[in-house]
1. Just subtract the alpha-carbon distance of Leu58 and Glu77 from 0.36 nm times their residue separation and send over the number in nm, one decimal.
2. Where Lys and Arg each count +1 and Asp and Glu each count -1, what net charge lies around Pro60 among other residues with Cβ under 15 Å from its Cβ?
3. Counting Lys +1, Arg +1, Asp -1, Glu -1, what net charge surrounds Gln83 among other residues with beta carbon under 12 Å of its beta carbon?
4. What is the diffusion coefficient of the chain in µm²/s, taking the Kirkwood radius over Cα pairs and the Stokes-Einstein relation at 20 °C with a viscosity of 1.002 mPa s?
5. Please give the helix 63-72 orientation as an angle from the longest Cα principal axis of the chain, in degrees from 0 to 90, rounded to the nearest 10.
Amino acid sequence: MTTTGIVFQPLDRTCEIQNAESVLEVALSNEIEISHSCGGMGSCTTCRVIVESPIKDLPPRNELEQDIADMRGFAAEERLACQLPPAPGLVVRIPDSFDPDSST
Ligand code: FES
């Protein structure tokens, strides 16, 4: 299946990217709640998502995200939604504390 949007699991929602600059922006503009305590500044890690689409297609981490990933020992598939550029076909899993009522 090919999609031009981003799929958010476990909500099973596909959202168009439009003018968003990050996966977090795509989520929030579609009323999908991803924690973002630092407001998307790349310092809190509460926006961590797990990428489920092929890792080789991912944009590389920027310097800010790489520093956090190194400090926290992130696996390759663990990314900060606020620093991850949106890409068509990307599938991400919100690891915890999501509101199933927002998926309707
Ligand atoms: S919102 Fe804080 S690191 Fe992404």
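FYI, it's all coordinate maths here, none of it is from the lab. Being a predicted model, the structure only gives us computed values, none of them experimental. Glycine gets a Cβ as well: all are built from the backbone with ideal geometry, and neighbour counts include every protein chain shown.
1. 5.9 nm
2. Local charge sum for Pro60: -4.
3. Result for the neighbourhood of Gln83: -3.
4. It diffuses with D of about 158 µm²/s by this estimate.
5. 80 degrees
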